[in-house]
Every structure is written in C-alpha cells, then in structure tokens.
Amino acid sequence: MALADAQGSYGRAGRFRARTVSFRPSFGSVPPPALILLGIVSVQVGAGLAKNLFARSSPDAVVMMRLLTSAVVLGVVYRSSLRDLRRLHSWRDIGVAALFGLTLAGMNACFYQALARLPLGITVTIEFLGPLSVAILASRRRLDLVWALLALGGVATLARGDGDVSLVGVAFALLAAAGWAAYILLSGATGRRFSGSSGLALASIVGAAAMLPVGVSTAGTKLLDPELLLVAAGVGLLSSVIPYTLELEALRRVSARVFGILMSLEPAVGALVGLIFLGEILHWQEWLAIGLVITACVGATRFQQSPPEAPEA
C-alpha cells in the first residue's frame, strides 16, 4: 500500500521504515520485486483472514488483536530502547510517536469497518487514495491533476449508489484513506526522532492500548477462545510483521520509484485474494474502478521528478 515520493517511499510505515536497520533475516538471494510482491500478498491474505473472523468477533476486536501482536513482537525486539525512553527522548518526541500510534489505530479500525461492508479489493482501492493524495498534493505538476481525476473517477464509479456498494463502507474506507495520509506524515516525523523501529514499537503499543477497551467491550468473552486468538495473531503477523520485514529489505535494494510502482498493484491483488479466499466476485464496473485507481497510482509514481543531485564537494 504505498506510493513513492521524491524523498523516499510511502510504505506501510512510510519513510520511517526505510530508516530501520536491525533485526532482519537475510533475503540477499531473493530479488527485491519478489520481496515486494510477497509482502503485498501477505498483507492481503491477512486482511482476508481478518474478514473471516468478523463472523466470530467484531472488527474492532480483530484490530485490537492485530495491534497487540505487533506491539508484543516489536516491544520484545526493542525492549532496551523502550526502557530508556525518557532518557533518550523528550516528551515532545514521545507525543509524536503516541499520535502516530493513535493514527495507526484509527486507520486500521476504519479499514476493518469498511472491510466488514465492502469486498476486499474495493476497500483497498479506496484506501489507496490516502498515499496517492499525499504524493499528488506534494507535487506542483499539472500532469498530477490527470491522476487525481482518474482516481476520483474510480471512486465515483464504486460509489455509484445503485445498491451494490455500501455507502457506509465507502465512508469508512475514505476515513481509512485519510488516516493513511496522516500516518505517512507522522511516520516521517517519528522516524526523525527515533532510531531503528523503536518509534514504531512505541506507536504500536499506544495503538493497541487505545483499541483495548473498544475491542474488549465489543467482543467480550469471545476473546477467551484460544483458536480465535491464534488466528488473530496470524493476522497480525501476516498484516504487519512479515510485510514490514520484506518491504524493508526491498527498500534497501530498489529505488523508491520502482517500489511505488510495484506497490500500486495492491488493489488488484486485494481483489484477487477476495475472489479466491472470500468468493467476492466483482462486476466489470468495479474492476474498471480498480484499474483507474491503479493507473493513477502508477502515473503519479512513474512520472515523478527525481530530486536534484547534491553538488560534489
């Protein structure tokens, strides 16, 4: 779910993730495009798995369990940095990371509420407007107006109001898109203040804590089901830990522009995962809408101007 900008890559953890340097397995023999595509598939399979849980638990509870999984994994990995939090960082730094975590919680909560009402491919397509908007608004080129109109045309096609698509679901997906845009900006601010992924670890803990009362109140005793907890932990690994690791390795060996173009395939992969694993059959108009948004994403990334070269000393 990402677009590239002139300075870096807007992945699931934005420019912040490109700064992470520790705790990673070796994927040196795997081509970067394969890593990116594996990460995309992992995220979408995780979303499909989460949607299957909605019949047994609430979307908010699934979000809570997903964030708890990320918080536990990252908290263990970066426990030393978290122990020295107040010695290494100001309250302002901690506040930025906390706001990042609240944005993470809100973005995922809206995404899962949309997913409960819309097919996976449509939900991902609408949410993609978040990073696309950031990339276009940061640009000064007239050509980007074309990509913006294409994306708006795609969403208008989805929300045509003939009863096939839930407008409430579209509204939640648009809120998720706004959350993703804020997430991109806050991830950059967090990355400038924290080393490695310690800021992301703190944000995950804050996000999990924010969703805890909502998830517990909506799911109740269902959270005591060991099978539910195990599957939800799998959602957390597939949707967060695994793709973060794969994309981080890819970002070390591929340009931000190539990364953004490949990540633009995510709405189509989401639609295919929805078809294969959830039996969600889309109409041709919906595939057209997905194609319009993907074209806008690729265009905004492919024709981006490169930053000027720094003069040699």
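The values are calculated or read from the model by the stated rules, or taken from the named source; none is laboratory data. Note that the structure is a prediction, hence the values are computed from the model and not measured. All Cβ positions, glycine included, derive from the backbone under ideal geometry; neighbour counts span all protein chains shown.
Overview of results
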quantity: Residues of the stretch 82-97 satisfying the condition of being touching a Leu at 6+ places or on another chain (Cβ under 8 Å) and surrounded by fewer than 19 Cβ atoms within 10 Å (Cβ to Cβ); calculated: LEU82, LEU85, ILE94
quantity: Hits in the stretch 110-127 - residues which are of a type in the set (Gly, Ala, Ser) and over 9 Å from ILE290 (Cα atoms); calculated: ALA114, ALA116
quantity: Pair list, Cβ < 6 Å and 6+ apart or interchain, from the stretch 291-308 residues that are over 17 Å from PHE259 (Cβ atoms) to residues that are part of a loop (DSSP other than H, G, I, E, B) and at pLDDT 80 or above; calculated: VAL293/PHE128
quantity: Filter result for VAL170 (within 26 Å of ALA208 (Cβ to Cβ) and modelled with pLDDT of 85 or more); calculated: no
quantity: Of all residues in the stretch 37-69 being of a type in the set (S, T, N, Q) and surrounded by fewer than 24 Cβ atoms within 10 Å (Cβ to Cβ), the one that is nearest to the chain's Cα centre (by Cα); calculated: SER42
quantity: Complete set of residues in the stretch 97-108 that are farther than 18 Å from PRO131 by Cβ and either in contact with a Phe, Trp or Tyr (Cβ under 9 Å, 6 or more places away or on another chain) or without any contact (Cβ under 8 Å) to a residue 40 or more places away in the chain (or both); calculated: ALA97
quantity: Which listed residue is crowded, with 19+ Cβ neighbours inside 10 Å and touching a strand residue (DSSP E or B) at 6+ places or on another chain (Cβ under 7 Å), from ALA201, ALA300, ALA208, ALA219; calculated: ALA300
quantity: Near pairs, Cβ below 9 angstrom, 6+ apart or cross-chain, from the stretch 19-42 (part of a helix (DSSP H, G or I)) to any residue that is of a type in the set (Gly, Ala, Ser) and modelled with pLDDT of 85 or more; calculated: ILE40/GLY270; SER42/SER239
quantity: Elements of type helices (runs of 4 or more DSSP H) in the stretch 59-154, at least 3 residues being modelled with pLDDT of 90 or more and within 30 Å of ALA233 (Cα to Cα); calculated: 59-77, 91-115, 120-127
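Okay, residues lined up against (1) under 25 Å from MET263 (Cβ atoms); (2) touching a Gly at 6+ places or on another chain (Cβ under 9 Å); (3) not β-branched (Val, Ile, Thr):
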site	(1), (2), (3)
ARG56	no, no, yes
ALA61	no, yes, yes
LEU67	yes, yes, yes
ARG83	no, no, yes
TRP91	no, no, yes
GLY101	yes, yes, yes
ARG117	yes, yes, yes
ILE122	yes, yes, no
GLU127	yes, yes, yes
